[in-house]
Amino acid sequence: MVATARKIVISGYYGFRNSGDEAVLKSILTALEQEGKRSGVTFEPIVLSGDPSWTAGVYGVKAVHRMKMGEVRQALKESDGLISGGGSLLQDATSSKTIPYYVGVIRLAQWMGKPVFIYAQGVGPVTRKLFYPLIHGSFKRSHYISVRDQESAALLRSMKMDGSRVEIVPDPVMGLPLPAGAASKFPAEKPDGLPKIAVSVRFWNEDRAELIGIADGLRKLAESRNVHFCFLPFHLPDDEAASNYVIERMGDVKSLGSKITTRQTEDPQAMLLEVGRCDALVGMRLHSLIYAASQRVPVAGISYDPKIDSFLAQLNVKAIGNSEQVRPERLAEELAHLLDDAESWKAEREPLIAELKRESARPARAIAEYFSHKG
């Protein structure tokens, strides 16, 4: 079978060194390649990026600047279609400009007659109802629509979208593979012999209430057993500063027999490998929890957004705290339980995780089938 070449533009929050969003891009690229091979389609991605040279260098794809509309128009003009996603693109919590930008890219593609594929998006929150018709109009004209949770689908229905057209699929990152040769990189045993807990934190509340609760909970755990806390900043430099805030609040745990390290990487697969080396994870960042689940690492989630609760529900897990309050005693107890009863946690959730991993490639499969049938 001779593979058909298709140029596909990918629009999302890419090129900003946010490990979660970069993992989404890597997952989409990987799934497109795999599903394209099955369908006889070769995809040639063109990524809209905040740093095109960096994106091109890291992923080996063509990239253009997302804010240079002349370049965006040209990329769409020469393409066979647009992927919008994944991630939380259509929300107005971070800025009122976010939705108009992403909808604008979709509408531009549609104006040019290009098929648009909405790829595992997390829609919402959308507090400004004036955005409802913008989202509805752009989605209604899209060839394929998938969202990553029930809440996103419900929000689209409230915008008068036909629910039968909306597929609910897992976050693409559930399908992110470990880097090549990763099996040989896992140590047979931990050099220090300590159980390793990954920690992913971010700034949210101005009073830092949740970070104080996390720090005090980790300190309390260190007072009861010796552990290795490995801080993993997912969004540099902000998460590094949040990690340092927590570390300083924890105080001297070395004198208690515990250890603290920080690992930084902009490579999503390298970060996935770091998470996979851990025995448990406490996380605020959504993709830290997704990384852990995909590698069967027990998680303790801190919720600052409904998307955290939604993902944890897919694992039959509840957040142990939120952005308003994290009880130190509860966090310490939960982490101790996850360390002591890890195999039961994994066994109970293995079917759920396996299903999420299988289904994560569904949007790429639909896109590959669309182009294979089009000829």
Quiz item: In the stretch 76-114, which trypsin sites (Lys or Arg not before Pro) are in a loop and have at most 14 other Cβ atoms within 10 Å, using DSSP for the loop call?
Solution: Lys97
Quiz item: So which aspartates and glutamates can Lys254 reach, going by Cα to Cα under 17 Å and dropping same-chain residues fewer than 8 places off?
Solution: Asp192, Asp216, Glu223
Quiz item: How big is the C-alpha Rg of the chain next to the rule-of-thumb value 2.2 N^0.38 Å, as a ratio?
Solution: 1.00
Quiz item: For Leu236, what is the net charge nearby, where nearby means another residue's Cβ is under 10 Å from its Cβ and Lys, Arg count +1, Asp, Glu -1?
Solution: -3
Practice problem: Please say if the stretch 236-281 is rounded, prolate or oblate, where rounded means a/c under 1.5 for a ≥ b ≥ c the square roots of the C-alpha gyration tensor eigenvalues, and otherwise the choice is prolate for a/b larger than b/c and oblate otherwise? | Solution: oblate
Quiz item: What angle, in degrees between 0 and 90 and rounded to the nearest 10, separates the Cα long axis of helix 19-39 from the longest principal axis of the Cα atoms of the chain?
Solution: 50
Exercise. With everything on Cα atoms, drop me the angle between helix 362-374 and the longest principal axis of the chain, reported from 0 to 90° to the nearest 10.
Key: 20
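Would the stretch 7-129 count as rounded, prolate or oblate if I go by the C-alpha gyration tensor, calling it rounded below 1.5 in a/c and otherwise prolate when a/b exceeds b/c, oblate otherwise? Show your work: numbers first, answer last.
On the way: a/c = 1.44, a/b = 1.32, b/c = 1.09.
It is rounded, given that a/c, with a ≥ b ≥ c, falls under 1.5.
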Quiz item: Which angle between 0 and 90 degrees, to the nearest 10, do you get for helix 209-224 versus the longest principal axis of the chain when only C-alpha atoms count?
Solution: 40
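What's the extension gain from Thr127 to His337 if we count 0.36 nm per residue and subtract their Cα-Cα distance? List each step's numbers first, then the result.
On the way: separation 210, 0.36 × 210 = 75.60 nm, distance 3.84 nm.
Difference between extended and current length: 71.8 nm.
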Quiz item: Looking at the stretch 263-295, which trypsin sites (Lys or Arg not before Pro) are DSSP coil and have at most 15 other C-beta atoms within 10 Å of their C-beta?
Solution: Arg263
Quiz item: Under the rule of -39500 (n - 2.57) per DSSP H run of 4 or more residues, summed and divided by the residues of the chain, what mean residue ellipticity at 222 nm is obtained, to the nearest 500 deg cm²/dmol?
Solution: -14500 deg cm²/dmol
Practice problem: Considering only Ala56, Ala120, Ala293, give the residue with the highest GNM mean-square fluctuation for the chain, with springs between Cα atoms whenever their separation is below 10 Å. | Solution: Ala56
Practice problem: Starting from the Cα of Lys318, draw a straight line to each of the aspartates and glutamates and keep only those under 15 Å, dropping any in the same chain fewer than 8 residues away. | Solution: Asp305, Asp309, Glu333, Glu334, Glu348
Practice problem: Go through Lys37/Lys62; Lys7/Lys68; Lys26/Lys77; Lys62/Lys346; Lys129/Lys307; Lys37/Lys114 and tell me which ones have a Cα-Cα distance over 29 Å in this structure. | Solution: Lys62/Lys346
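Rounded, prolate or oblate: which fits the stretch 227-375, taking a ≥ b ≥ c as square roots of the Cα gyration tensor eigenvalues, rounded meaning a/c under 1.5, else prolate when a/b beats b/c? Don't skip to the end; give the middle numbers.
On the way: a/c = 2.09, a/b = 1.68, b/c = 1.24.
Taking the square roots of the gyration eigenvalues as a ≥ b ≥ c, the stretch 227-375 is prolate.
Every read-out reported here was derived from the displayed coordinates using simple, explicitly stated rules and does not represent laboratory data. In this text, all values refer to a predicted model and were calculated from it rather than measured experimentally. Neighbour counts are summed over all protein chains in view; Cβ atoms, including those assigned to glycine, are modelled from backbone coordinates with ideal geometry.
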